[in-house]
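A.B. asks: Handing you a structure now.
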Amino acid sequence: PMVRREVQVVDPARDEAILLAGGAGLLSAAAGIGWAALQLATRLQGQAAPPAAPAPLIRALAAHRVRWDTTTTLLALLLAALLSTAILAAVLTVSRSRAAGLRGDSAARHLASITDLRHLREPARRATATRLGLPTDLAMRHPGLPVGDVLLPPTGKRRAAVYASWEDMTVLVAGPRTNKTTAYAIPMLLAAPGAALATSNKRDVLDATRKLRAKHGRVWVLDPQRVADQSPAWWWDPIGFLTGRDGAPDPARAGVLAAQLVTSATPAGARTDAYFDTEKTTLLSLLLLAAACDSRPISTVWTWICDPGDTEPAQALTRAGHSEHARALSALASLPDKQRDGVYGSARAVVGFLLDPALTGWITPNTDRPAFSPKAFAGSKDTLYLLSRDGAGGAAPLVAALTLAVTDALEAHATASPAGRLPVPFVGVLDEAANICRLRDLDSLYSHYGSRGICLVTVLQSWAQGASAWGQHGMEKLWSAANIRIYGGGVDDHVFLRRLSELIGTHQRLARSRSSGRNRHLTHSVVERTTLSIAELRELPAGRAVCFASGTPAFLLQPRPWWTGPHAEAIQAALDDRRQAGIAHPRITTPAEELGHPAVRQQGPW
């Protein structure tokens, strides 16, 4: 019986041909060395030169007209040694060149081509920036947000910088210790041509970029929990967000702020109650509106919410002409005792941060400190850093509320600008977005903020983290609305990685098979292979990422850490200053560097 044995990319006939070619090559090299040795030996000994053509030379050797002596043998050995050394050096050079790549780089040949990526390169992005209205000099310096260097096919060893345009929204999903800060947050923040915002639960972004961003405009740092040991140097009034276009308090904006506070105070993935969640949001919106109508600070809301029988907020609403809202507030205060206690108690939990003096110091009016104006910020080149720790007791409600106020002011500024977009794009890097800056409608905002010149970069540690924050449907909307989607590795989520593997797609490979038996023959077939499997995505090495740009095949990316960019010296000097001041910044390493990988060594110091 005939047995069919499949051997991928193995052709016995080809192997035989390689062996024959190798043998012929060795014989040719030996003949060449002998010829050269004879030519040199006769000249060194002052004898007549032997025939140069192979056939006459062989006949002369056979007739003993040309002698092969000891000198010729030594010269032949010397030439053989030199040739072997040259071949070995070439092999080592090729080996080092191949070793310089990281695991999985070979997949680049099956991903996007240089033609596919033309619109992501600097010339195209610069043209897009000019089309969007940026002045020529600004477009030259800021063609877009740096994404990294794409590994170009066929070998993946060539690099080309790619950028997100000033109308692109970005989502980055990468696990811990994957250089999200050094390779994305810091370079993108420094690339902002206008106003910029950064959220973080650490001080590294602030310390690395503060001095450089201060050259563009004022730096504002919100640090209620002393993440960077910053004392209140300014204040912001959340009640000011309620002021509408006509200069009067707007009930709709009160509802938006109340809903955001409820979202920020509710743990991600927590079970909700349709009645109490709705009623506590309504109660908070009414009390916020009453404080705005009576020109009270937000701290007054805590006083009122602790005393359901206090009629002062209802009276303030009535005086401002919001009698129906006053009636709704009175109805909530008149609920049966247990029901009322449940509504007021859950609302008190939402604004519990008003009891923390460390937080209220940033939102209490103070004539000795300047007031932060989101409207003025929207038209400036200032930078706002929002810092908060994760977990209970954090400043997440305040961070999210201020981010909401800033994006709202930016949207209003864009509406009043020509073409309905900001004259100079805004960059918002929302690191730890699901933990400390969970904007309630972020998934919806992503669908149109790009057309306003409001470019957001949402950084998540996993798909599950985003799904927990905005729901599975919301995370789907966020991912789909993003123009630049980056997977930076470090995620162990089978479902998410399978999704990415399917989005990357497959490629075709030629498989050769040889049949053994009485009638041996060779057959060829085309086999489809997964370009990057789930296991390969899970094990994506440090210094690599997979990027999905709208309308473009996936491509392999090498992130560009700040120490490879134009601001390396300035950032290093800033970090050195902080170290001298006694503030520790641990040296960032990767598994590849710890193993001394050549590709990591070539990138420079970490």
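A.B. asks: What part of the accessible area of the chain, given as a whole %, is carbon or sulfur when the probe is 1.4 angstrom? Intermediate results must be reported in sequence, preceding the final value.
C.D. replies: Values: 16170 of 28690 Å².
With neighbouring chains kept in place, the figure for the chain is 56 percent.
A.B. asks: Something else: Relative to the compact-globule scaling 2.2 N^0.38 Å, provide the ratio for the alpha-carbon radius of gyration of segment 135-258. Mind dumping the intermediate values first?
C.D. replies: Numbers: Rg = 19.1 Å, N = 124, 2.2 N^0.38 = 13.7 Å.
Here the Cα radius of gyration is 1.39 times the empirical estimate.
A.B. asks: Now for a different question. Magnitude of the Cβ-charge dipole of the chain, K/R +1 and D/E -1, about the Cα centre, nearest 20 debye? Let's see the in-between values first.
C.D. replies: Details: 65 positive and 51 negative charges, 625 e Å.
Result for the chain is approximately 3000 debye, rounded to the nearest 20.
A.B. asks: Which number comes out as Rg/Rh for the chain once both Rg and the Kirkwood Rh are worked out on C-alpha atoms?
C.D. replies: Values: Rg = 34.2 Å, Rh = 28.9 Å.
Rounded to two decimals, Rg over Rh is 1.18.
A.B. asks: While we're looking at this one, here's another question. Along segment 214-225, what does the Karplus equation 6.51 cos²θ - 1.76 cosθ + 1.60 (θ = phi - 60°) give for ³J(HN,Hα), rounded to whole Hz, x for Gly and Pro?
C.D. replies: Working through the residues one at a time gives 5, 6, 8, x, 6, 9, 10, 10, 9, 9, x, 9 Hz.
A.B. asks: Sticking with this structure for a sec: Of all beta bridges DSSP finds with both residues in the chain, what is the antiparallel percent, to the nearest 5?
C.D. replies: 55 percent
A.B. asks: Given H placed on each backbone N at 1.01 Å, which residues far from residue 197 in sequence or on other chains put an amide H within less than 5 Å of it?
C.D. replies: HN-HN under 5 Å from residue 197: 384, 427, 428, 429.
A.B. asks: Let me ask another. In the calculated pair distance distribution of segment 119-207, what percentage of Cα-Cα distances lie above 18 Å?
C.D. replies: Details: 1980 of 3916 pairs.
Tail fraction, whole percent: 51.
A.B. asks: Grab the other residues whose beta carbon is less than 13 angstrom from that of residue 281, score K and R as +1, D and E as -1, and report the net. Don't skip to the answer; put the middle values down first.
C.D. replies: Values: positive: 280, 440; negative: 273, 277, 279.
Result for the local shell: -1.
A.B. asks: Still on this structure: Over the chain, give the accessible area per residue in Å² for a 1.4 Å probe, as an integer.
C.D. replies: Numbers: 28690 Å² over 606 residues.
On a per-residue basis, 47 Å².
A.B. asks: On to the next question. At a Förster radius of 25 Å, what calculated FRET efficiency corresponds to the Cβ-Cβ distance of residue 358 and residue 380, to the nearest 0.05?
C.D. replies: Numbers: r = 27 Å, r/R0 = 1.08.
Efficiency, from the Cβ-Cβ distance: 0.40.
A.B. asks: Would you check the accessible area of residue 312, probe 1.4 Å, heavy atoms only, in square angstrom rounded to 10?
C.D. replies: Surface open to solvent at residue 312 totals about 60 Å².
A.B. asks: Residue 164's amide H: which non-local residues (gap 5+, or another chain) put their own amide H closer than 5 Å, with H modeled 1.01 Å from N in plane and none for Pro or chain starts?
C.D. replies: So residue 164 has HN proximity to 145, 147.
A.B. asks: Taking the Cα atoms of segment 24-74, what is the range of coordinates along each of the three principal axes, in descending order and whole Å?
C.D. replies: That works out to 33, 22, 15 Å along the principal axes.
A.B. asks: Give me the net charge of residue 133's neighbourhood, meaning all other residues with Cβ under 15 Å from the Cβ of residue 133; Lys, Arg count +1, Asp, Glu -1.
C.D. replies: Working: positive: 125, 126, 131, 421, 452; negative: 137, 167.
After counting each charged neighbour, the total is +3.
A.B. asks: Can you pull the one-decimal nm distance between simple spin-label points at residue 444 and residue 21, each 7 Å off the Cα toward Cβ?
C.D. replies: For residue 444 paired with residue 21, the spin-label model returns 6.4 nm.
A.B. asks: For the residue pair residue 130 and residue 503, what label-to-label distance in nm results when each label sits 7 Å from Cα along the Cα-to-beta-carbon direction?
C.D. replies: According to this spin-label approximation, the distance is 3.2 nm.
A.B. asks: Any idea what Rg and Dmax come out to for segment 388-445 if you just take the C-alpha atoms, in Å?
C.D. replies: 13.3, 43
A.B. asks: Among 305, 233, 257, whose Cα projects farthest towards the positive end of the dipole of segment 229-310, with charges put on the beta-carbon of Lys, Arg (+1) and Asp, Glu (-1)?
C.D. replies: Of the candidates, 257 comes out farthest on the positive side.
A.B. asks: If I take R0 = 45 Å and measure r between the Cβ atoms of residue 451 and residue 90 in this structure, what FRET efficiency does the formula 1/(1 + (r/R0)^6) give, to the nearest 0.05? Don't skip to the answer; put the middle values down first.
C.D. replies: On the way: r = 55 Å, r/R0 = 1.21.
Rounded to the nearest 0.05, the efficiency is 0.25.
A.B. asks: Roughly what percent of Cα-Cα pairs across segment 392-486 reach past 19 Å?
C.D. replies: Working: 1805 of 4465 pairs.
Distances greater than 19 Å cover 40 percent of the Cα pairs.
A.B. asks: Taking just the alpha-carbon atoms of segment 243-374, what radius of gyration and Dmax come out, in angstrom?
C.D. replies: Computed over the Cα atoms of segment 243-374, radius of gyration and Dmax are 14.8, 45 Å.
A.B. asks: Please list, in order along segment 66-77, the HN-Hα scalar couplings obtained from phi with the Karplus expression 6.51 cos²θ - 1.76 cosθ + 1.60 (θ = phi - 60°), rounded to whole Hz, x for Gly and Pro.
C.D. replies: Result, ordered by residue: 10, 9, 9, 10, 5, 4, 4, 4, 5, 5, 5, 5 Hz.
A.B. asks: When the Karplus curve 6.51 cos²θ - 1.76 cosθ + 1.60 is applied with θ = phi - 60°, which whole-Hz ³J(HN,Hα) does each residue of segment 550-560 get, with x for Gly and Pro?
C.D. replies: After applying 6.51 cos²θ - 1.76 cosθ + 1.60, I find 4, x, 9, x, 4, 9, 8, 10, 10, x, 10 Hz.
A.B. asks: Report the local net charge at residue 184: Lys and Arg +1, Asp and Glu -1, summed over other residues whose C-beta lies under 15 Å from its C-beta. List each step's numbers first, then the result.
C.D. replies: Values: positive: 177, 180, 202, 485, 544, 560; negative: 149, 168, 204, 431, 432.
Taking every other residue near residue 184 into account, the sum is +1.
A.B. asks: What is the spread of the Cα atoms of segment 297-399 along each of their three principal axes, largest first, in whole Å?
C.D. replies: 50, 36, 23
A.B. asks: Where Rh is the Kirkwood radius over the Cα pairs of segment 327-366, the temperature 37 °C and the viscosity 0.692 mPa s, what D in µm²/s does Stokes-Einstein return?
C.D. replies: Values: Rh = 11.9 Å.
So the translational diffusion coefficient is about 276 µm²/s.
A.B. asks: Moving on to the next point. How high is the FRET efficiency between residue 412 and residue 525 when r is their beta carbon distance and R₀ equals 51 Å, given to the nearest 0.05?
C.D. replies: Values: r = 62 Å, r/R0 = 1.21.
According to the calculation, E is roughly 0.25.
A.B. asks: Relative to the longest principal axis of the C-alpha atoms of the chain, give the angle of the C-alpha long axis of helix 12-44, reported between 0 and 90° and rounded to the nearest 10°.
C.D. replies: In the chain, helix 12-44 runs at an angle near 60 degrees to the longest axis.
A.B. asks: Assuming 0.36 nm per residue, please report the length gained on full extension of the stretch residue 60 to residue 373 beyond their Cα-Cα distance.
C.D. replies: On the way: separation 313, 0.36 × 313 = 112.68 nm, distance 9.91 nm.
Contour length minus Cα-Cα distance gives 102.8 nm.
A.B. asks: Along the positive direction of the dipole of the chain (beta-carbon charges: Lys, Arg +1; Asp, Glu -1; about the Cα centre), which of 463, 37, 66 reaches farthest?
C.D. replies: In the chain, that residue is 66.
A.B. asks: Does segment 213-268 classify as rounded, prolate or oblate by the C-alpha gyration tensor (a ≥ b ≥ c root eigenvalues; a/c under 1.5 gives rounded; else a/b over b/c gives prolate, otherwise oblate)? Provide the component values of the computation, followed by the final result.
C.D. replies: Numbers: a/c = 2.72, a/b = 1.41, b/c = 1.93.
In terms of gyration-tensor shape, oblate.
A.B. asks: What is the extension gain from residue 211 to residue 299, computed as 0.36 nm multiplied by their sequence separation minus the C-alpha to C-alpha distance, in nm to one decimal? The partial results should precede the final answer.
C.D. replies: Values: separation 88, 0.36 × 88 = 31.68 nm, distance 3.39 nm.
Net length gain for the segment: 28.3 nm.
A.B. asks: Separate question: Using a basic spin-label model with each label point 7 Å from the Cα along Cα→Cβ, how many nm lie between residue 71 and residue 570?
C.D. replies: 7.0 nm
A.B. asks: Please work out the C-alpha center-to-center distance from segment 432-505 to segment 167-221 and express it in whole Å.
C.D. replies: 18 Å
A.B. asks: If you don't mind, there's one more thing I want to ask. Ranked from highest to lowest mean number of other Cβ atoms within 10 Å per residue, what is the order of the peptides 42-48, 253-259, 488-494, 113-119? Don't skip to the answer; put the middle values down first.
C.D. replies: Numbers: 42-48: 11.0, 253-259: 20.7, 488-494: 18.1, 113-119: 14.3.
Packing order, densest peptide first, comes out as 253-259, 488-494, 113-119, 42-48.
The values are calculated or read from the model by the stated rules, or taken from the named source; none is laboratory data. Remember, it's a predicted structure, so these values are computed and weren't measured experimentally. For neighbour counting, all protein chains shown are included, and Cβ atoms are generated from backbone atoms with ideal geometry for every residue, glycine included. Protein only, heavy atoms only, side chains kept; ligands, DNA and RNA dropped before computing areas. Shrake-Rupley method; radii C 1.70, N 1.55, O 1.52, S 1.80 Å.
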